[in-house]
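To keep things clear, I will list the structure first and then write my remarks on it.
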Amino acid sequence: MHAVLCCAILWGCTSGNETIPVDNVYMYIGSINPKTRGTTPVIKVPGGTVGLFPAFMPGFTDWYFSDKIYGFPLGVGSLMVNTGKMKVGSKENASGFDHDLETATPYYYQVLLEDPDVNTEFTITTNVVVFRFTLPENETSNLFLNLAGDANVAIKDHTIIEGETTARGIRGGGGSRNYFHIQLTKPFVSCGTWRNDTIIPDSKTQKGSNTGFYVSYPVAGSKETLEMKIGFSRNSIDEARNSVANEVGAFSFDQVKDKAKQLWNDELSLIKIKGGTEKQRRLFYTTLHRTRALRMGNVWDTYRCAYPLQSLIKPEETNKTIQNWLSEYDETGWLPSSGAMIGHHSTAVIADSYFRGLRDYDVEKAYEAMKKNALEATMIPWKDGMYITELEQCYFDNGFYPALPVRKDFKPDKQVDKYERLPYQTQWLPEPGIDEWVKEVDSWHRRQSVSVTLEHCYDDWCLAQMAKELGKEDDYRLFMKRAHNYQNLFNPTIGMMAPKSADGQWIEPFDPKYSGGFAGEGYFAEGNSWMYTWHVQHDVQGLINLMGGSENFVSRLNELFITSHRMDKLQFLAQFPDMTGLMGMYSHGNEPDFHIPYLYNYAGQPWMTQQKVRQILEIWYDTTPFGLSGDEDGGSMSSWYVLSSMGIYPQCPGRPIFDICSPVFDEITINVGNGKTFVIEAKNVSDQNKYIQSATLNGKPHDQAWINHSDIVRGGKLVFVMGSRPNKSWGSAPDLRPPSMSALAQ
């Protein structure tokens, strides 16, 4: 308790204009989304197992506009409060609220539930949620929990309630058991349960599905305050009860809140910034909070920059994640793949962590598991089935994932341009493929043949690097051969990636913008060829060589950012709903594009990377509900902002370097552990002064457009001198460009 009070005193002594990192966090960023549904805030402590935020209107996509709160989802059920006669049902008990009468922070939430006139607050520990209700005068207030799944609850006495629930599994099967223990700070006057909407007053036990319980507090005279402490466990009620005793105990609500605030401030202070605008500072700590608070479940997105950021500032958590994956491998015989989408990108995370020096796990077992995924697991999008079909065999034998062949009766429309000339497009470009015959292929997401090839040949490169490191020369040769598979789908006629059928024939007709049907998923993952042509993270130089050299590469890259559809925008998005945050055909709202602005570094024009990254940071992020340009996806979009605004980015996870761009802050101090810090200083930096004029690393000239991870984690200082006009010679020489798998063509 003494430490908490000390922190409160320190916070109170800051100057009037100074804010601590946690006070810069805006919880509702991206809650109105240009694509499917807005991001959901989460209140939890760093590393906590319990997270909570109110439930708004069910099915409402831009739920920031919701006018009612339907409850507080706790995993074991949804907690809510009403007044008067007890009634059952989330819709019947939903309450109006006003964002102007609400407080949302990473550690504390408060809202006035207007219908029952109950001010509701909660704060949190690792395994406990603590509520505080201010009950209205001259009313009977009912606190009730609508239990989830198959439940069992017992009201022990007038202050203790305990129970357990089994949530339904992801695919409808049995889920995990969850236990809870509730302590009330004041005895209730009456109670009851319900089953199938039938209320049973004075009942103290209930079991089964569609059940719940309530406790009632008549208040005469002035308002009363009531606290509710709820502990959770996946193991036992005893453990849930002990969590309340150990994590909260005799602490007051405000002391628990202050402790949670301290924990978040410590977490966000792993990176300290000076300078920048108020918006940039708020965005930095908002996005840092999101990437640290969200569970990085889908590796397809998070391998790109969320895991490399975590490996830099919290390496022990990446080690723990890999340990958990290997435990799953022990239990199931398989390493988690992508969780969804495409690629075996757990391989990319493990390889990246290994080469960044994170090895607190069984490396040989990790390699065994990655190799098994690469040789025996399906590549079919959205399927983690552990089998091989003729599609994988084509990749193994021919070096590409096949698209459906063209129908013999297909008559190509040679006037593709007409789809761009129409003011309102009424149909997508006709798809020439025959009906799918591989039964395992998902009928909605289809083959995504080009993207599958590109994502997997990158994973194969990652695995090859591990094989070489571990002395497995035969494996190294096999996976390095597969790492070149992207070359098999580069069509020199159009200078872009394109699909082939299993017999090696290019699919015709093919248009780089419009082919692929809905979401482009006949050939691509939620996009088109303009997006995916650049997805050769491990061998940018090889792609440059295919395009005829740096000059042609840069010309085509510039074209990406200005090439637009000429059809109606809404019709384009109807076909490609994931391609939000558009700059030409570059889509910042979809993660496979994240590395593209950094590719100028590989073609000798790092000043263009500096310019493009700054433009994206300014345009596609904001501290408003509209502040994200697409799906957050486990903190991926937020981690891109954090790293890019610091001036570094892991263009190719698996290669332990960071590409350099243009920092937006005067000074960034990264806590890299073991008492060491790495400082990035940008002299004269401003909105206009975004171009690097020169750089030094630990006092020595640094002319490379990249920096080693090891240089950062050993501590030191990288200093940039910034200016308003590009220094086109800095980082431009061939030997100063970031490394690639292929050598510069002679």
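The values are calculated or read from the model by the stated rules, or taken from the named source; none is laboratory data. Since this is a predicted model, take the numbers as computed values, not measurements. Because the Cβ atoms are built from the backbone with ideal geometry, glycine has one as well, and the counts that use them run over all protein chains shown.
For residues in the range 679-698 being of a type in the set (A, V, I, L, M, F, W, C) and surrounded by fewer than 20 Cβ atoms within 10 Å (Cβ to Cβ), which is nearest to PRO308 (Cα to Cα)?
VAL679
With respect to being more than 15 Å from the chain's Cα centre (by Cα), surrounded by fewer than 24 Cβ atoms within 10 Å (Cβ to Cβ) and within 27 Å of ASP23 (Cβ to Cβ), GLN323 falls outside the description.
Any residue at all in the range 479-486 that's closer than 15 Å to PHE524 by Cα and charged (D, E, K, R)?
Checking the range 479-486: not a single residue is closer than 15 Å to PHE524 by Cα and charged (D, E, K, R).
The strands (runs of 3 or more DSSP E) located wholly in the range 66-163 that include 2 or more residues which are aliphatic (A, V, I, L, M) and surrounded by 22 or more Cβ atoms within 10 Å (Cβ to Cβ) occupy 77-83, 118-124, 128-135, 139-147, 150-155.
Select, from TRP334, TRP325, the only residue that is in a loop (DSSP other than H, G, I, E, B) and among the aromatic types (Phe, Trp, Tyr).
TRP334
Within the range 151-167, restricting attention to residues that are aliphatic (A, V, I, L, M) and within 33 Å of the chain's Cα centre (by Cα), the residue that is farthest from ASN242 (Cα to Cα) is ALA167.
Of everything in the range 259-296 that is among the aliphatic types (A, V, I, L, M) and in contact with a helix residue (DSSP H, G or I) (Cβ under 7 Å, 6 or more places away or on another chain), the residue that is modelled with the lowest pLDDT is MET296.
Would you pick out the residues in the range 206-232 that are under 20 Å from LYS186 (Cα atoms) and not in a strand (DSSP E or B)?
ALA220, GLY221, SER222, LYS223
Kindly list, by first and then second residue, each pair from a residue in the range 379-391 that is surrounded by fewer than 15 Cβ atoms within 10 Å (Cβ to Cβ) to a residue that is of a type in the set (Phe, Trp, Tyr) and assigned to a loop (DSSP other than H, G, I, E, B), limited to pairs with Cβ atoms under 8 Å and residues at least 6 apart or on different chains. Correct list of pairs: MET386/TRP334.
To keep it simple, each residue is scored yes or no on (1) at pLDDT below 90; (2) in contact with a helix residue (DSSP H, G or I) (Cβ under 6 Å, 6 or more places away or on another chain); (3) outside any helix (DSSP H, G or I); (4) surrounded by 12 or more Cβ atoms within 10 Å (Cβ to Cβ).
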{"residue": "VAL416", "(1), (2), (3), (4)": "yes, no, yes, yes"}
{"residue": "GLU420", "(1), (2), (3), (4)": "yes, no, no, yes"}
{"residue": "GLN427", "(1), (2), (3), (4)": "yes, no, yes, no"}
{"residue": "TRP437", "(1), (2), (3), (4)": "no, no, yes, no"}
{"residue": "HIS445", "(1), (2), (3), (4)": "no, no, yes, yes"}
{"residue": "ASP460", "(1), (2), (3), (4)": "no, yes, no, yes"}
{"residue": "LEU463", "(1), (2), (3), (4)": "no, yes, no, yes"}
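So, of the residues in the range 337-370 that are in a loop (DSSP other than H, G, I, E, B) and among the basic types (Lys, Arg), which turns out to be farthest from ASP711 (Cα to Cα)? Here the residue is ARG359.
Quick one: count up the residues across the range 502-537 that are crowded, with 18+ Cβ neighbours inside 10 Å, more than 20 Å from CYS652 (Cβ to Cβ) and out of contact with any Ser or Thr (no Cβ under 9 Å at 6 or more places or on another chain).
3
Take the conditions (1) in the same structural domain as MET637 (by TED's automatic domain parsing); (2) of a type outside the set (A, V, I, L, M, F, W, C); (3) outside any helix (DSSP H, G or I); ARG282 misses just one of them, which is (3).
Filtering the range 35-55 to residues that are more than 13 Å from THR624 (Cβ to Cβ) and at pLDDT below 90 leaves LYS35, THR36, ARG37, THR40. ASP238 fulfils the conditions (1) closer than 29 Å to PRO106 by Cβ; (2) in a helix (DSSP H, G or I) except for a single criterion, (1). The number of residues in the range 251-279 that are in a loop (DSSP other than H, G, I, E, B) and not β-branched (Val, Ile, Thr) comes to 6. If only residues of the range 244-271 that are polar (S, T, N, Q) and under 11 Å from PRO46 (Cβ atoms) are counted, the one that is surrounded by the most Cβ atoms within 10 Å (Cβ to Cβ) is GLN262. Evaluating GLU328 against the criteria (1) in contact (Cβ under 8 Å) with a residue 24 or more places away in the chain; (2) in the same structural domain as SER645 (by TED's automatic domain parsing) leaves one unmet condition, (1).
Consider the range 562-578 and keep the residues that are touching a helix residue (DSSP H, G or I) at 6+ places or on another chain (Cβ under 7 Å) and closer than 22 Å to LYS612 by Cβ. The one that is surrounded by the most Cβ atoms within 10 Å (Cβ to Cβ) is PHE576.
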